[in-house]
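S.K.: Below is the structure I would like to discuss, written out as structure tokens.
Derivation of every value follows stated rules applied to the coordinates shown; laboratory data play no part. The model shown is predicted, which means the values in this text are computed figures rather than measured ones. Glycine also receives a Cβ, built like all others from the backbone with ideal geometry; neighbour counts cover every protein chain displayed.
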Amino acid sequence: MEIAETARLRVRTAKPDDAGFFYALVNDPAFIEHIGDKGVRTLEQAHQALLTGPIAMQEERGHSLYVVELKECATAIGMCGLIKRDTLDGIDLGYAYLPGWRGQGYAFEAAQAVLAYAPTLGIRRLLAITSPNNLASNGLLRKLGMGFVRFMHLVPEDAGTNLYSIEL
């Protein structure tokens, strides 16, 4: 299902056949450093992670992490979407991109589209989290108009996370 379209991108719900892309994304060293190791080591595990993660969340909640693809060729380059985490008291804007597609404005473009889409689901406030040392992500959230709320620990063993928020 298409969620949004921008000048260069299409944002759509994830499908089981996105497993190869998802495998590459969650095993990228920057993903592991800033988001965490999902323990996905095979294509079958990537397939299962999609089914029990974004695809299940979309079915249960009506929103999820969406696949971001180039409009011109349908190449999946990242994910951006709306996540409900047990550790946060609201809906979270989440995103991650493959290395070859960072630094070209795609994350900002897709995030703007997702921010515009959120109110159609009745979402009036969005949160976002990022590690303090992820300068690019912290800058992106500020560029989107999100305000820094506080430094927090999602779980006691967490090294710490910056929490941002925006009213839509």
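S.K.: Over all directions, what mean area does the Cα convex hull of segment 1-146 project, stated in square nanometres?
M.R.: 8.3 nm²
S.K.: Subtracting the Cα-Cα distance from 0.36 nm times the residue separation, let me have the gained length for residue 27 to residue 101 in nm, one decimal.
M.R.: 25.1 nm is the gain from fully extending residue 27 to residue 101.
S.K.: Averaged over all directions, how much area does the convex hull of the C-alpha atoms of segment 1-71 cover when projected, in nm²?
M.R.: The orientation-averaged projected area of the Cα hull of segment 1-71 comes to 5.0 nm².
S.K.: To make sure I understand, if each residue's beta carbon is the centre and we count other beta carbons within 10 Å, what order do 31, 148, 108 fall in, fewest to most?
M.R.: Fewest-to-most ranking of 31, 148, 108: 148, 108, 31.
S.K.: Mean Kyte-Doolittle hydropathy of 0.5 or higher plus an axial Cα length of 24 Å or more: which whole DSSP H helices in the chain meet both?
M.R.: Sorted by number, there is nothing, because no helix extends far enough and scores high enough.
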